[in-house]
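See structure below.
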């Protein structure tokens, strides 16, 4: 279990960034570099690549420098560490580093050197860098991209960004950077707060053909729009499996919010999503919702091998959901 989140990791003698989401580990490392240089501008920063690191390099980096400058040592790709390096990493778990030395180990996962890293975990400050799936966590990531640059963004614009680009954290980050560049004013004027009007040009074409756009149209009972978006998605090469997954997520969300006492925290969703789902749920009967759940379950079975024509199975599911919305 992680000790702190990637966006709030402090400087400590030994830090373990563990998880396969490269963007999060990069952000954590960037934060630690900034903290180290802010505390001591003369900090020496050393980066070691574990797969190519020869024996003794880590110990040499840990040796006090001639002028005793503070040190930040980053060991990248530690999951591919050589045997000599693993022995040096193991020593970190049993020794006390110099008070002005900070070691950051970036480990993407895997069983190589498991006993070594299990020992390191007991001593290190642990930071989880696993792929993030919850919309609220993706919004936290996107929000941090803007706040790092001293920029502000409205909740609505943030939600639009995450819905359009939230499936790929690298793409989401790149889009945030592009929006900030595109909205820089001339001269010394203060940059504007980023709003929907700034985000829409980048997301409009994207959101119209996403799986969730198809799901939104189906759950609204709009069969013409749902089928049109479904054809666009097929033409764009969207696989049927994530399309069904989007339908399932939307239907599950509606089922969850029918419990009136449910809170955003209990449902692991942001306030705006809960409000939208509750608004949509008012148009659904319990019988209609049951029919939609059955249609999604059948489609999931079909697109994963039970049907020779997954696209037809998906089209049938979309029409079934539209009918359930209108007739339920």
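Whether any residue in segment 49-70 is touching a strand residue (DSSP E or B) at 6+ places or on another chain (Cβ under 8 Å), assigned to a loop (DSSP other than H, G, I, E, B) and buried (at least 20 other Cβ atoms within 10 Å of the Cβ) is what I want to check. Yes, because at least one residue in segment 49-70 is touching a strand residue (DSSP E or B) at 6+ places or on another chain (Cβ under 8 Å), assigned to a loop (DSSP other than H, G, I, E, B) and buried (at least 20 other Cβ atoms within 10 Å of the Cβ). Only one of the numbered conditions (1) under 26 Å from the mean Cα position of the chain (by Cα); (2) modelled with pLDDT under 95 is not met by residue 51, and that is (1). Report, ordered by the first and then the second residue, all pairs with beta carbons closer than 7 Å, sequence separation of six or more or different chains, a first member in segment 179-199 that is closer than 16 Å to residue 145 by Cα, and a second member that is exposed (fewer than 10 other Cβ atoms within 10 Å of the Cβ). If the second residue must be exposed (fewer than 10 other Cβ atoms within 10 Å of the Cβ), the pairs left are 191/185. Considering the conditions (1) closer than 24 Å to residue 68 by Cα; (2) modelled with pLDDT of 90 or more; (3) surrounded by fewer than 19 Cβ atoms within 10 Å (Cβ to Cβ), residue 93 is excluded by exactly one of them, (2). For segment 99-110, the candidate set comprises residues that are in a loop (DSSP other than H, G, I, E, B) and closer than 21 Å to residue 83 by Cβ; within that set, the residue that is nearest to the chain's Cα centre (by Cα) is 108. The residue that is nearest to residue 84 (Cα to Cα), counting only those in segment 14-48 that are in a loop (DSSP other than H, G, I, E, B) and touching a strand residue (DSSP E or B) at 6+ places or on another chain (Cβ under 6 Å), is 19.
Just one of the listed residues (101, 52, 46) is touching a residue at least 24 places away in the same chain (Cβ under 8 Å) and farther than 21 Å from residue 24 by Cα, and it is 101. Per the conditions (1) at pLDDT below 95; (2) more than 25 Å from the chain's Cα centre (by Cα), the sole criterion not satisfied by residue 121 is (2). Considered as a group, the residues in segment 217-259 that are outside any helix (DSSP H, G or I) and free of Cβ contacts under 8 Å to residues at least 60 places away in the same chain include one that is nearest to residue 300 (Cα to Cα), and that residue is 239.
I want to confirm something. Restricting to segment 223-241 and keeping residues that are over 24 Å from residue 327 (Cα atoms) and surrounded by 16 or more Cβ atoms within 10 Å (Cβ to Cβ), which single residue is modelled with the lowest pLDDT? Among them, the one singled out is 238.
Within this structure, residue 324 passes the test of being in contact with a helix residue (DSSP H, G or I) (Cβ under 8 Å, 6 or more places away or on another chain), in a helix (DSSP H, G or I), crowded, with 18+ Cβ neighbours inside 10 Å and at pLDDT 80 or above.
Screening segment 111-208 for helices (runs of 4 or more DSSP H) wholly inside it with 2 or more residues that are in contact with a strand residue (DSSP E or B) (Cβ under 7 Å, 6 or more places away or on another chain) and surrounded by 21 or more Cβ atoms within 10 Å (Cβ to Cβ) returns the ranges 114-123. When you check residue 174 against the structure, is it more than 30 Å from residue 316 (Cα to Cα) and within 19 Å of the chain's Cα centre (by Cα), yes or no? Considered against the rule, which asks whether it is more than 30 Å from residue 316 (Cα to Cα) and within 19 Å of the chain's Cα centre (by Cα), residue 174 comes out as yes.
The values are calculated or read from the model by the stated rules, or taken from the named source; none is laboratory data. Bear in mind the structure is a predicted one, so any value in this text is a computation, not a measurement. Counting neighbours? That spans all protein chains shown, and the Cβs are built from the backbone with ideal geometry, glycine included.
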